[in-house]
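The values are calculated or read from the model by the stated rules, or taken from the named source; none is laboratory data. All of these numbers come straight from a predicted model, not from anything done at the bench. With ideal geometry, Cβ positions are generated from the backbone for all residues, glycine too; neighbour counts draw on all protein chains shown. For accessibility, only protein heavy atoms count, side chains too; no ligands or nucleic acids. Shrake-Rupley method; radii C 1.70, N 1.55, O 1.52, S 1.80 Å.
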Amino acid sequence: MPVLGALRRLAMAPSLEEVSFSGRGFPVQTGERARKLEAVPQAVVTGFEWGIEDRDLATTERRLALVDPEHRGFAYEGATMACAIRDAMGPRGHRTRDLLTGGGKPHIFLNYIGIGFAMAKLPRPLWRKLVPDLTGPEYYPAMNWLCVDGYGFDRAYFDTDTWVTRQRLDTPYDWDGHASYWRHAFDQGVGRALWFIHAGHVGHVSAAVRAFAGDRQPDLWSGVGLAATFAGGSTPVNLVTLCQEARSDRGHLAQGSVFAAKARHHAGFVPEHTATTLKAFTGLTAEAAARLADDTAPLALQSAGVPMYELWRRNVRERLSADLLVEHV
């Protein structure tokens with residue numbers, strides 16, 4: 001193991017035990033679904049360790065290719081985090097760009113989340129160096145707000161008392177020229193974290209969301225929908241209950257589910273739990289959800305004083321709402 005890589009890992013990465021539910025002090029749920037959820041942060045840590053220690057990126061990508069398809073995207077999150085940290089620590093790093101344009105390209109949505117994990121470890125003056133300038137449509141530049149989502153997830157998962165129990169509001173950062181939108185994307189990440197903190201227990205997740213101020217709940221539900229669909233961890237019956245618990249924010253839950261299905265479909269592997277959760281939340285197949293996401297992507301010329309990412313979220317919710325009305329006519 002290279003000495004510098006070992007030092008970086010010790011300085012930045014938690015151990016596999018530290019990211020486990022018991023290691024974080026979360027209520028431990030038993031059963032296969034909980035164990036599968038717990039494997040997600042462990043896959044992220046594994047990817048990070050490879051990305052931080054390997055001398056060359058090709059070695060990291062060969063290792064990542066050996067991860068099972070269900071968890072490969074999570075491992076890429078960790079590897080992207082490592083590349084972003086290495087780039088920020090060096091004068092002219094380009095490992096993140098090389099990863100995103102190389103083996104990580106099918107996992108572009110999760111790559112952005114991995115950059116957000118790096119943000120949680122680095123001082124804000126370094127953030128401007130983290131996101132490569134990849135503007136082609138195949139890199140979904142509007143989705144770079146998932147970096148902020150990843151940052152919010154990290155804060156909530158690793159300092160739950162501050163960001164969940166005490167519900168601290170993060171200081172806005174002028175991300176993509178929209179500082180006022182910062183907290184919306186941040187809260188989506190917190191919502192994703194709630195799904196893991198409560199191991200997919202529908203009643204506990206719902207209560208945790210409702211404990212927040214009302215104006216924060218829509219974004220939290222979006223994060224819950226994204227996490228439940230991408231990572232799994234529930235049953236068909238409980239998923240129906242979760243839809244009912246979301247009440248007037250069900251559209252936000254469904255929107256998060258569509259984005260998760262799009263990410264899975266884009267990566268070329270849609271696990272059974274993604275299809276089941278998506279069906280419960282939206283009535284769609286993964287292929288139909290991916291088409292809906294593509295069809296509702298905002299045009300670059302559109303402007304409403306909000307990020308393209310938010311326009312995209314609104315467009316998805318509106319399409320889902322319209323389709324639901326048609327079904328009941």
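Of note:
- When the residues of segment 163-193 are filtered to those that are open to solvent by less than 80 Å² (accessible area, probe 1.4 Å) and of a type in the set (S, T, N, Q), the one that is nearest to L311 (Cα to Cα) is Q188.
- Of all residues in segment 274-283, those being within 19 Å of P106 (Cβ to Cβ) and either open to solvent by 10 Å² or more (accessible area, probe 1.4 Å) or not in a helix (DSSP H, G or I) (or both) number 1.
- The residue that is nearest to Y181 (Cα to Cα), counting only those in segment 144-160 that are in a helix (DSSP H, G or I) and charged (D, E, K, R), is D149.
- V270 being surrounded by fewer than 24 Cβ atoms within 10 Å (Cβ to Cβ) and part of a loop (DSSP other than H, G, I, E, B): yes
- P132 satisfies every condition listed in (1) open to solvent by less than 20 Å² (accessible area, probe 1.4 Å); (2) assigned to a loop (DSSP other than H, G, I, E, B); (3) not small (G, A, S) except (1).
- Test: residue in segment 292-312 that is modelled with pLDDT of 95 or more, in contact with a Ser or Thr (Cβ under 9 Å, 6 or more places away or on another chain), of a type outside the set (F, W, Y) and closer than 28 Å to V44 by Cα: no
- Scanning segment 84-107 for residues that are surrounded by fewer than 24 Cβ atoms within 10 Å (Cβ to Cβ) and closer than 17 Å to H266 by Cα yields L100, T101, G102, G103, K105, P106.
- Some residue of segment 224-242 being open to solvent by less than 10 Å² (accessible area, probe 1.4 Å), over 24 Å from Q42 (Cβ atoms), of a type in the set (A, V, I, L, M, F, W, C) and at pLDDT 95 or above: yes
- Residue match in segment 205-219 (condition: open to solvent by 30 Å² or more (accessible area, probe 1.4 Å), at negative phi and in contact with a Phe, Trp or Tyr (Cβ under 8 Å, 6 or more places away or on another chain)): no
- Test result for V19, modelled with pLDDT under 95 and in contact with a Pro (Cβ under 6 Å, 6 or more places away or on another chain): yes
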